[in-house]
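See below for the structure under consideration.
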Amino acid sequence: MLSLGRLHLITDTRPGRDPLAVLRAALPVAGADLVVQVRVEDDATDREAYELARLVVDACRPYGAQCLVNDRLQVALAVDAAGGHVGADDLPVRAARRVLGPDAVLGATAREPVTARAAVDAGASYLGVGPCHATTTKSGLPEPIGPEGIRAVAEAVTVPVIAIGGVTASSVPELRAAGAYGVAVVGALSGAADPAHATAELLRALTC
């Protein structure tokens, strides 16, 4: 199976948030168990995405953590990230694989077994599956699929399944029991009073 960290931190670039401060708090705690997904707001320029991704790659390197870039694969290539992640409205997985090359990490979004298997067949290295719970971090999301939805996808594929959407440390054990390899979080770290402590709690829940 792909060598992949179990805790995925998605950068929160909403007004008033400081994604680099959160990252710097999480990295010493998580090390190589952390995967950082650089995600920017839709109205951000490619230059802004590039500058953030470049800083994230540099910060991750000493810790052996991986950096992926969501949606903007040209930025992933430009900063020499480990790979990228594509959603339903981004490049098709097969096209994204051609862009990134055969060795890059490529994540794809799925929420049910048929699309999950199709994404894997097209070249996805892992799947981001959800939303598993209600979340206010991103608007326009479909209804939560819950742990049973995670289980349905995990049983249909052989690649790592990363549960996303309203994940907290207390919900991790149920998601892991449903077959999730790891979890992706935004608010659980970006909204935490102590992101380092929150990172440690998530990692403990992931390894129990």
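The values are calculated or read from the model by the stated rules, or taken from the named source; none is laboratory data. None of the values given here were measured: they were computed from a predicted structure. Methodologically, a virtual Cβ is constructed for each residue, glycine included, from the backbone with ideal geometry; neighbour enumeration extends over all protein chains shown. For the accessible areas, the whole protein counts, side chains as well, though only heavy atoms, and no ligand, DNA or RNA atoms are used. Shrake-Rupley method; radii C 1.70, N 1.55, O 1.52, S 1.80 Å.
Expected output is a single nm value to one decimal: the length gained when fully extending between Ala95 and Ala200, i.e. 0.36 nm times separation in residues minus the C-alpha distance. What is it?
Gain in length upon complete extension: 34.1 nm.
At 1.4 Å probe size, with the rest of the protein present, what percent of the exposed accessible area of segment 57-208 is carbon and sulfur atoms?
After summing per-atom areas, the C and S share lands at 53 percent.
Do me a favour and compute the ellipsoid semi-axes for the chain from its Cα gyration tensor, root of five times each eigenvalue, largest one first, whole Å.
22, 21, 16
Let's see if you can work this out: charge +1 on each Lys and Arg Cβ, -1 on each Asp and Glu Cβ, no other charges. What is the dipole magnitude of the chain about its Cα centre, in debye to the nearest 20?
So the dipole magnitude of the chain works out to roughly 340 debye.
Based on Cα positions only, what radius of gyration and what Dmax would you give for segment 149-208, in angstroms?
Spelled out, the Cα radius of gyration and Dmax of segment 149-208 are 11.7, 38 Å.
State the Kirkwood hydrodynamic radius of segment 84-125 in Å, one decimal place, computed from all pairs of distinct Cα atoms. Before the final figure, lay out the partial values.
Details: mean 1/r = 0.1004 Å⁻¹.
Every distinct Cα pair counted, the radius reaches 10.0 Å.
If you roll a 1.4 Å probe over the heavy atoms of the protein chains, what accessible area per residue do you get for segment 1-160, in Å²? Could you put the intermediate results ahead of the total?
Numbers: 7690 Å² over 160 residues.
That works out to 48 Å² for each residue.
Using only Cα positions of segment 61-142, each an equal point scatterer, no hydration layer, compute I(q)/I(0) via Debye at q = 0.16, 0.20 Å⁻¹ and quote the log10 values to two decimals.
Ignoring solvent entirely, the Cα scatterers give -0.62, -0.90.
Considering only Val79, Gly123, Val40, whose Cα is most displaced toward the positive end of the charge dipole of segment 1-131, charges sitting on Cβ of Lys, Arg (+1) and Asp, Glu (-1)?
Going by the Cα projections, it comes out as Gly123.
Suppose we look only past 21 Å in the calculated P(r) of segment 94-157. What percent of the Cα-Cα pairs does that tail hold?
Of all Cα-Cα pairs in segment 94-157, 30 percent lie more than 21 Å apart.
May I have the pair-distance distribution P(r) for segment 8-81, computed from all Cα-Cα distances with 10 Å bins from 0 and rounded to whole percent?
In order of increasing distance, the bins hold 21, 58, 20, 0 percent.
How large is the helix-only mean residue ellipticity at 222 nm for the chain, computed as the sum of -39500 (n - 2.57) over DSSP H runs with n ≥ 4, divided by its residue count, in deg cm²/dmol to the nearest 500?
One gets -11500 deg cm²/dmol as the mean residue ellipticity at 222 nm.
Taking the C-alpha atoms of segment 109-208, how large are the radius of gyration and the largest Cα-Cα span, Dmax, in Å?
Expressed in Å, the Cα Rg and Dmax of segment 109-208 come to 13.2, 41.
Sticking with the crude label model, points 7 Å out along Cα→Cβ, report the distance from Leu77 to Glu48 in nm, one decimal please.
Between Leu77 and Glu48, the simple spin-label model gives 2.4 nm.
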